[in-house]
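J.: Dropping a structure here in structure tokens format, bear with me for questions.
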Amino acid sequence: MKKRNVAFLHPDLGLGGAERLIVDAALELVSAGHAVDIYTTYHDPQRCFEETRGSGGFGVTVAGDWFPRHIAGRFLALCAYIRCILAALYMAWLSFKGKAQYDAVIVDQVSVVIPFLKHLTRSRVLFYCHFPDMLLAQRRSQLKKLYRIPLDWVEQTTTGHADLVLVNSAFTQGVFKKTFSRLAERGIVPDVLHPAVPIPSDGELQEADATWEAKLDRDLVSFMGGGPMLLSINRFERKKGISLAVQALHEFLIRAPGSLPKVTLVLAGGFDARLPENVQHLQELKDLVRELDLHDRVRFVVSFTDSQRAALLAACTAVVYTPQFEHFGIVPLEAMAAKKPVIAVNNGGPVETVAHEETGYLCEPTPAAFASAFRQLLCVSEDGGTSDARQMGEAAKARVQAQFSRAAFGCKLQAHLEAAMKDGGKIRRT
């Protein structure tokens, strides 16, 4: 396969599932011999994935960061568009000067940059759609609805300029078709490219099992107390439904047998003090824990390192994943790769990754349903269900290895890249 010069353009290279996908994609292309650079409008070396600090074999360039993120707390989407356009113009300037020329640019999240890259450079442009932004935007007022009209039009129109459109799941593919009706009428169909995760070896997992206590705060280790620990990993955003995990634990404890070892819940997630919702929702969750009198059962871990994330996965009995209609969700894959069963909502991306009653449980998004899954996993044997969790964990890792490995993801990405290069920029149509 011909070696290519490839660039990524991503709005905010922080910590999250979208960022993890971009980093993994870059790593796989680098390992295949391609030259890779990532452009972004924000990158904090203190709050990012380790590979973006230089160890990944690709460069990270920040551009457009001088433009504000918002204007008096408003116009966040518009400002994000402008920041990304500035980054795209910087890439075009480098291309014009002959300092950085790319065979292909992979854009995700913000499609508005696609026409700029298409017309100002010679690069093929691939767009990775995590989920239509127009469906994520809130429209609580008439003014906000009017504000979104041109942005929604721009999103659909510019998405249609890409040489190839990819989506992260069959669920998103269906939503894409319904949402971007003008593109559907043109016969534009995105291909599915599931995100992937690195799969630790059994030796690495055994080492994590033996050393996780040393990597976590002593108070947190003491809090767990050696009993079953349920783990939630999500950004502290309301749409992630983290309160469902807290309410489900409360429901479970009401009916749990007295002989069961102490069950705890750790709520871990990315936290950005710049974002008001992160600050507000973390406090809302703490208030809920206090209201349900679960202070001795629930702990919060904010903004952890990759090492601490691995330690938390090693320490837990199962991972609780609560977002509804999540377009994909990388956390269930990370959990299963670490041999942990997943209890998730029975819609969205987890339906494609979690095998019900084999690698975990898919539940209705209610405290009662999740509490029932907790009971099935934790109360079926004298050891607190750990034997059953281990069996599910083994099946979970085997599933990820077969269907969602990073190597398989890299091969599929390269195939899509080559298709975009050979098709002369013709977007796939039915």
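J.: Within the chain, which whole H helices from DSSP have a Cα span along their axis of at least 20 Å and a mean Kyte-Doolittle hydropathy of -0.5 or more, if any?
T.: Flagged H segments are 17-31, 76-96, 242-255, 406-422.
J.: Over all distinct alpha-carbon pairs, what is the Kirkwood Rh of segment 101-227 in angstrom?
T.: Every distinct Cα pair counted, the radius reaches 18.0 Å.
J.: Just rank CYS379, CYS84, fewest to most, by other beta-carbon atoms within 10 angstrom.
T.: Ordered by Cβ neighbours within 10 Å, fewest first: CYS379, CYS84.
J.: Tell me the mean residue ellipticity at 222 nm calculated for the chain from its helices only (DSSP H runs of n ≥ 4, each -39500 (n - 2.57), averaged over every residue, nearest 500).
T.: Calculated at 222 nm, the ellipticity per residue is -14500 deg cm²/dmol.
J.: Once you treat every alpha carbon in segment 65-105 as an equal point and sum by Debye, what is log10 I(q)/I(0) at q = 0.34 Å⁻¹?
T.: Listed by q, the Debye log ratios stand at -1.07.
J.: Listed highest first by mean packing, meaning other Cβ atoms within 10 Å per residue, what order do 27-38, 56-67, 320-331 come in?
T.: 320-331, 27-38, 56-67
J.: Suppose every K and R has +1 on its Cβ and every D and E has -1 on its Cβ; what is the size of the dipole of segment 1-119 about the Cα centre, in Debye to the nearest 20?
T.: Charge dipole, segment 1-119, about its Cα centre: 380 debye, nearest 20.
J.: Going from the alpha-carbon gyration tensor of the chain, what semi-axes, largest first and in whole Å, does one get by taking the root of 5 times each eigenvalue?
T.: Semi-axes, largest first: 38, 23, 21 Å.
J.: Here is a follow-up. Explain nothing, just the number: dipole magnitude of the chain about its Cα centre with +1 on each Lys and Arg Cβ and -1 on each Asp and Glu Cβ, in debye rounded to the nearest 20.
T.: 1740
J.: Related question: Once the convex hull of the alpha carbons of segment 202-403 is built, what does its volume come to per residue, in cubic angstrom?
T.: 111
J.: Still on this structure: Can you compute the charge dipole magnitude of segment 202-403 about its Cα centre, using +1 on each Lys and Arg Cβ and -1 on each Asp and Glu Cβ, nothing else charged? Give it in debye, rounded to the nearest 20.
T.: Computed charge dipole of segment 202-403: roughly 260 debye.
J.: If you don't mind, there's one more thing I want to ask. Taking H placed 1.01 Å from N in the peptide plane, check which residues at least 5 places from LYS339 or on another chain put their amide H under 5 Å from its amide H.
T.: Those qualifying (amide H under 5 Å, at least 5 residues apart or on another chain) are LYS397.
J.: Can I ask one more? Ordered by packing density, taken as the mean number of other Cβ atoms within 10 Å over each peptide's residues, highest first, how do 172-181, 110-119, 213-222 rank?
T.: 110-119, 172-181, 213-222
J.: Another question, then. Arranged from highest to lowest average of other beta-carbon atoms within 10 Å per residue, in what order do the peptides 44-53, 127-136, 296-305 appear?
T.: Result, highest mean first: 127-136, 296-305, 44-53.
J.: For VAL197, what residues show an amide H to amide H distance below 5 Å, using hydrogens built from the backbone and excluding near sequence neighbours?
T.: ARG406
J.: Normalized C-alpha radius of gyration of segment 236-286, against 2.2 N^0.38 Å?
T.: Here the Cα radius of gyration is 1.39 times the empirical estimate.
J.: Next up: Using only alpha carbon positions, build the gyration tensor of segment 46-85, then give the equivalent ellipsoid semi-axes as the square roots of 5 times its eigenvalues, largest first, whole angstrom.
T.: Computed over segment 46-85, the values are 27, 11, 7 Å.
J.: In square nanometres, what is the average projected area of the Cα convex hull of segment 247-317?
T.: The Cα convex hull of segment 247-317, projected and averaged over all directions, gives 5.5 nm².
Coordinate-derived values only; no laboratory data. No experiment lies behind these values; they were computed from the predicted model shown. Cβ: placed from backbone, ideal geometry, glycine included. Neighbour counts: every protein chain shown.
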